[in-house]
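The values are calculated or read from the model by the stated rules, or taken from the named source; none is laboratory data. Just so you know, these numbers come straight off a predicted model, no measurement behind them. Virtual Cβ from ideal backbone geometry, glycine too; neighbours counted across all protein chains shown. Note: accessible area is taken over every heavy atom of the protein model, side chains too, but ligands, DNA and RNA are not part of it. Shrake-Rupley method; radii C 1.70, N 1.55, O 1.52, S 1.80 Å.
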Amino acid sequence: MEFKVIKNKKEDPTLEEVQKFVGGYVELVPIFYYDYEGVLLVDEEARLKGKSLNLECDSLIGIHIFGNAIYIPSNINSDWHREG
């Protein structure tokens with residue numbers, strides 16, 4: 001499973017890019033965990049589809065996410081923060 005971190009506004013993904021990366025409908029998960037504050041973009045049906053646990057996401061952010069995930073920190077001026 002892949003875990004992508006957005007580092008600047010130029011990397012801010014479109015809905016289509018996120019859907020392709022996560023492989024499904026996008027769920028926005030707010031994150032407030034130690035040094036991590038922002039949003040995760042994940043496949044809302046990943047667990048139902050039998051996708052594997054994202055071990056990198058689990059170890060960094062401390063929550064069980066299945067499938068690919070994109071993390072957008074709150075210090076990036078992302079339109080995704082306004083969605084949450």
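Data for the structure
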quantity	calculated
Among (1) hydrophobic (A, V, I, L, M, F, W, C); (2) open to solvent by 40 Å² or more (accessible area, probe 1.4 Å); (3) within 13 Å of the chain's Cα centre (by Cα), the one test that LEU48 misses	(3)
Failed item in (1) touching a residue at least 40 places away in the same chain (Cβ under 8 Å); (2) within 13 Å of VAL5 (Cβ to Cβ); (3) open to solvent by 30 Å² or more (accessible area, probe 1.4 Å), with SER74 passing the rest	(1)
Of all residues in region 1-37 being touching a Ser or Thr at 6+ places or on another chain (Cβ under 8 Å) and open to solvent by 10 Å² or more (accessible area, probe 1.4 Å), the one that is farthest from GLU56 (Cα to Cα)	LYS9
Selection from region 8-33 of residues that are in contact (Cβ under 8 Å) with a residue 24 or more places away in the chain and either in a loop (DSSP other than H, G, I, E, B) or of a type in the set (Lys, Arg) (or both)	ASN8, LYS9, ASP12, PRO13, GLY23, GLY24
Residues (assigned to a loop (DSSP other than H, G, I, E, B) and closer than 13 Å to VAL29 by Cβ) located in region 48-67	ASN54, GLY62, ILE63, HIS64, ILE65, GLY67
